[in-house]
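Chemist: The structure under discussion is supplied below as structure tokens; questions concerning it will follow.
The values are calculated or read from the model by the stated rules, or taken from the named source; none is laboratory data. Worth saying up front: this structure is predicted, and the values here are computed from it rather than measured. No Cβ is skipped: glycine too gets one built from the backbone with ideal geometry, and neighbour counts run over all protein chains shown.
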RNA sequence: GGCGGCGUAGCCAAGUGGCUAAGGCGGAGGUCUGCAAAACCUCUAUUCGGCGGUUCGAAUCCGCCCGCCGCCUCCA
């Protein structure tokens, strides 16, 4: 199998992806700040990470993935206070929501889901700050501990931000903490009255946003790990600061490969609360869109390209899924005995190779889907000319299922079981058609349609499916 | 102001120097069907935002212009 290549934000080039430890990938996905239910934009990143994770497994790698929760920051603290409940309890509901939405979107579980306020990770953060103190990267001001950006010469290497070109004097420190340099960032925040804080060896307070990912990532995955991902907006300052903290403390490379997913826009406009277009998964399900259509739409566009998320797109996605699902159903109905034709084996092999070539090329999911649809087309042609044998059907089915271990979007519709009454109606319609009573036959078909059951008459009998 | 991305058919979207510009959705016609549905067949971009340039050759490289978006402040 050929080599997976991924764009590395660090350097900006498409590079071969090779894990540090042979056959084992250690990856970290920046997760949600849990003050709210994650929206569809958040989930684009998680779906793209899921595709990566699944493809790595497809290629035979063992994957250890960490997805964190930021459960302490200004917004979570404010939300918990407003709700009048403890922080942990407040954030837990959004963590639960996250898992519900991941399940709906068929996103595989990560191996670790650390929370910033877990004691073991707070300890790791404190230890990290102490290490940075020893190495002279910090200073204290008003009880807070800051990272001194000037002490880390590589600062800016990820985002390629030209420090001199930054708009000077515009930055306002929202937290009203005092910094020596506007670019310095807080590692440990001094306690403010009423806010959650922890008594630690570096003083009382709470972790700064950037600190947690460095500490949790290195604690679970090691001081240098393979891949770190998130949305493009995290490149600066979040990931830049993570590099400074981590490499400042260890003197070793923190992450070998940085991967960032582009934003999505909604109906041609950027997503924002004020526009009311910040959809989340349950909103869309409530509008009767299937979770698989959402997943399909999110993964059908190359992850480094902005994606225009529209209702029309969801409908198109649902139709595209149905095409593949119907194909799988029809393959199951092939009755002709026999082994696969060499042409079939050839076509299947070529499609799988095309699929792999596409994904190896920086996860080009659009091209990978095209390979799948071409295979479906070929299979349908064989089906319609009744030349397909059971062996052929197995070949096609195997290939689609293999590709679907990565897409995770086909064959997910639950086939409902027919109740007795429905079965009786189908039988009655069969008899009506036999005596050419088409008025009654159509009446039954309409009635079942109203119940969400679609009938299709084929030469071998009537097939039904859920609408 | 600094940095970066994008603009391909009615819609979504691959392709980044050279075979007939993938694929999906939609549309038109046809086959099949009692009629449908599904599926299949044919058609649906002589052209890739615009204008110049480089080249034997450009959607692909360069310049300028127009439009959209992102980062520089919390943000997937």
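Chemist: Output the number of residues of the range A:278-304 satisfying the condition of being more than 16 Å from the chain's Cα centre (by Cα) and under 10 Å from residue A:314 (Cα atoms).
Modeler: 3
Chemist: Of all residues in the range A:310-327 being in contact with a strand residue (DSSP E or B) (Cβ under 9 Å, 6 or more places away or on another chain) and part of a helix (DSSP H, G or I), which is farthest from residue A:271 (Cα to Cα)? If you could, list the steps in order and put the result at the bottom.
Modeler: Here is the first cut: in the range A:310-327, the ones in contact with a strand residue (DSSP E or B) (Cβ under 9 Å, 6 or more places away or on another chain) are A:310, A:313, A:322, A:325-326.
When the remaining residues are screened for being part of a helix (DSSP H, G or I), the result is A:313, A:322, A:325-326.
Details: A:313: 16, A:322: 29, A:325: 32, A:326: 34 Å.
Going through the qualifying residues, I end up with A:326.
Chemist: Would you check which residues across the range A:121-135 are out of contact with any helix residue (DSSP H, G or I) (no Cβ under 6 Å at 6 or more places or on another chain) and more than 15 Å from residue A:72 (Cβ to Cβ) and list them?
Modeler: A:127, A:129, A:130, A:133, A:134, A:135
Conditions (1) out of contact with any strand residue (DSSP E or B) (no Cβ under 7 Å at 6 or more places or on another chain); (2) assigned by TED's automatic domain parsing to the domain that holds residue A:355; (3) on the phi > 0 side of the Ramachandran plot; (4) away from RNA strand B (no atom under 16 Å from the Cβ), marked per residue:
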{"site": "A:28", "(1), (2), (3), (4)": "no, no, no, no"}
{"site": "A:39", "(1), (2), (3), (4)": "no, no, no, no"}
{"site": "A:42", "(1), (2), (3), (4)": "yes, no, no, no"}
{"site": "A:59", "(1), (2), (3), (4)": "yes, no, no, yes"}
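Chemist: I'd like the full set of residues that are touching a residue at least 12 places away in the same chain (Cβ under 8 Å) and either near RNA strand B (Cβ under 8 Å from one of its atoms) or part of a loop (DSSP other than H, G, I, E, B) (or both), limited to the range A:288-309. Walk me through how you get there before you give the answer.
Modeler: Within the range A:288-309, the subset touching a residue at least 12 places away in the same chain (Cβ under 8 Å) is A:289-309.
Scanning the range A:288-309 gives A:289, A:290, A:297, A:300, A:301, A:302, A:303, A:304, A:305, A:306, A:307, A:308.
Chemist: Here's another thing I want to ask about it. Of all the helices (runs of 4 or more DSSP H) wholly in the range A:23-139, which have at least 1 residues that are surrounded by fewer than 19 Cβ atoms within 10 Å (Cβ to Cβ) and at pLDDT 95 or above? I'd like the intermediate steps shown before the answer.
Modeler: Values: elements: A:40-58, A:74-83, A:87-104, A:119-134.
Once the helices (runs of 4 or more DSSP H) in the range A:23-139 are filtered for at least 1 residues that are surrounded by fewer than 19 Cβ atoms within 10 Å (Cβ to Cβ) and at pLDDT 95 or above, what remains is A:40-58, A:87-104, A:119-134.
Chemist: Okay, next question. Conditions first: (1) closer than 20 Å to residue A:65 by Cβ; (2) in contact with a helix residue (DSSP H, G or I) (Cβ under 6 Å, 6 or more places away or on another chain); (3) modelled with pLDDT of 95 or more. Residue A:296 passes all but one, so which condition is the exception?
Modeler: It fails just one condition, (1).
Chemist: Here's something else I'd like to know. Any idea which of A:373, A:407 is farther than 16 Å from residue A:332 by Cα, within 21 Å of the chain's Cα centre (by Cα), surrounded by 12 or more Cβ atoms within 10 Å (Cβ to Cβ) and touching a residue at least 40 places away in the same chain (Cβ under 8 Å)?
Modeler: Details: A:373 fails: within 21 Å of the chain's Cα centre (by Cα).
Checking each option against the conditions leaves just A:407.
Chemist: Cβ-Cβ distance below 6 Å, separation of 6 or more or different chains: which pairs start in the range A:31-60 with a residue that is more than 19 Å from residue A:270 (Cα to Cα) and end on one that is more than 14 Å from RNA strand B (Cβ to nearest atom) and assigned to a helix (DSSP H, G or I)?
Modeler: Correct list of pairs: A:54/A:406; A:55/A:406; A:58/A:405; A:58/A:406.
Chemist: Under 6 Å between Cβ atoms, at least 6 apart or on separate chains: pull out the pairs that start in the range A:206-223 with a residue that is free of Cβ contacts under 8 Å to residues at least 60 places away in the same chain and end on any residue that is surrounded by fewer than 24 Cβ atoms within 10 Å (Cβ to Cβ) and assigned to a loop (DSSP other than H, G, I, E, B).
Modeler: Qualifying pairs under 6 Å: A:223/A:252.
Chemist: For the range A:284-305: of the residues being in contact with a strand residue (DSSP E or B) (Cβ under 9 Å, 6 or more places away or on another chain) and surrounded by fewer than 19 Cβ atoms within 10 Å (Cβ to Cβ), which is nearest to residue A:362 (Cα to Cα)?
Modeler: So the residue we want is A:304.
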